[in-house]
Amino acid sequence: MARVYIARLSHENFSLAYSEFNSIMIAEGIEHKVEFKLDEFVLFRSSTIGIDVLLKRAALIIELGKLVDIVEYDDKDLLIKLMKDSIDRDEICIAIDSVRGFGKNIAEELIKIVHPKNICTRRKIDEGFRVLKLSLVANVAFIYWLIYRRRQKMYIDREPQHRPCYRPGTMKPLLAKTFVNLSRVSILRRETVLDPFCGVGGFAIEACLMGLEAICSDIDEHMVRGAQVNIARYGCCESVDAIQMDAALEAIANLRVDGIATDPPYNIQSAPRGAKSLTDLLISFIDEASNALRNGRYMVFATPIHIGRSIENALSESGFKIIEKHLDMVHGSLTRAIYVVKKI
């Protein structure tokens, strides 16, 4: 039976986080129903299989919990009753969160009412205490049993600077994992995703660790060697093929993959030698990618927004339909468009 769960998504790019959530559920064919969204929270019905898949795959879910109740947060008596009724043994603690300042005064009052021994600490959480979470946002308090909270240490050893082979400008693991998820490949069917601008293998590593097969290619021999070293470091040699290949040549068209997730160069200086322009390189890549990707499947990639019109024309001419377009500000002088496209 489907139960009601609550997901707190990254508010830094909510549209991207919500798209990742939906893409995972669609990729695995898991029935779910979104009841409603409020601020960065999503309430949804799903089976336990759906929750297991989200736990294994999602990058931009900050918290995941089993919903207890939704209460207007100025109803302090009801909030106190719910908290007291839930603390029925020593291995339970309460965490109260004023989301970006919502209900801050109420949160402070509730913390004073709760006995200090019942307040969650990092030590209690690490020791396995069951956490009852109260998140105050807008004019309500979401009350839920915490199943998962993302912590930075889960990704720290995969940060680019901590890999054996480092390349400046490499995408961080959280966003790389998100790109793979947006390509809607299935871990339950152990499908194959391609990254044809793989650099030192960040996307392939994230794909492998969530249970996918991956093909990792780059035109630069040194990058491929670096990718092979990194892939070995994370125990992914059996799941990932790292090969030297030009993403803009016909060789890529000989592959048949279930999804493409990649991060092409952002400017002509970082493009492969011989490329006339970044736009020409990406147009050639899109044309060859349409041959490698199975019909009805998805490709995810990012480009600078100033070449968007040329890219969108190339997508249409190569048989792709734009499903989503997200904006991502890398720094003050570079904003990218993240495209999710479907091969028709």
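The values are calculated or read from the model by the stated rules, or taken from the named source; none is laboratory data. Computed from a predicted structure; not experimentally measured. Virtual Cβ from ideal backbone geometry, glycine too; neighbours counted across all protein chains shown.
More than 23 Å from LEU188 (Cα to Cα), in contact with a Lys or Arg (Cβ under 8 Å, 6 or more places away or on another chain) and assigned by TED's automatic domain parsing to the domain that holds SER98, is that true of GLU12?
no
Restricting attention to region 157-172, report how many residues are at pLDDT 95 or above and among the hydrophobic types (A, V, I, L, M, F, W, C).
1
List the pairs whose first member sits in region 154-174 and is touching a residue at least 24 places away in the same chain (Cβ under 8 Å), whose second member is among the aliphatic types (A, V, I, L, M), and whose Cβ atoms are under 6 Å apart, counting only residues at least 6 apart or on separate chains?
Taking only residues 6 or more apart or on different chains, the pairs are PRO164/VAL229; CYS165/VAL200; CYS165/VAL229; ARG167/VAL200; LEU174/ALA59.
ILE215: in contact (Cβ under 8 Å) with a residue 12 or more places away in the chain and farther than 28 Å from ASP287 by Cβ, yes or no?
It is false that ILE215 is in contact (Cβ under 8 Å) with a residue 12 or more places away in the chain and farther than 28 Å from ASP287 by Cβ.
Just give me the residues in region 163-196 being out of contact with any strand residue (DSSP E or B) (no Cβ under 6 Å at 6 or more places or on another chain) and either in a helix (DSSP H, G or I) or buried (at least 24 other Cβ atoms within 10 Å of the Cβ) (or both), in sequence order.
Within region 163-196, PRO173, LEU174, LEU175, ALA176, LYS177, THR178, ASN181 meet the criteria.
Can you tell me which residue within region 22-36, out of those that are in a loop (DSSP other than H, G, I, E, B) and among the acidic types (Asp, Glu), is modelled with the lowest pLDDT?
GLU31
Say we look at region 293-326 and pick out the residues that are more than 14 Å from THR262 (Cα to Cα) and of a type in the set (A, V, I, L, M, F, W, C); which of these is surrounded by the most Cβ atoms within 10 Å (Cβ to Cβ)?
The residue in question is LEU315.
In region 84-112, which residue that is without any contact (Cβ under 8 Å) to a residue 60 or more places away in the chain, among the aliphatic types (A, V, I, L, M) and out of contact with any helix residue (DSSP H, G or I) (no Cβ under 6 Å at 6 or more places or on another chain) is nearest to ALA7 (Cα to Cα)?
Out of the qualifying residues, it is ALA95.
Kindly indicate which of ASP97, ASP85 is of a type in the set (Asp, Glu), within 20 Å of ARG8 (Cβ to Cβ) and assigned by TED's automatic domain parsing to the domain that holds VAL71.
Unique residue meeting the criteria: ASP97.
Got at least one residue in region 8-21 being in a strand (DSSP E or B) and touching an Asp or Glu at 6+ places or on another chain (Cβ under 8 Å)?
Yes, region 8-21 contains at least one residue that is in a strand (DSSP E or B) and touching an Asp or Glu at 6+ places or on another chain (Cβ under 8 Å).
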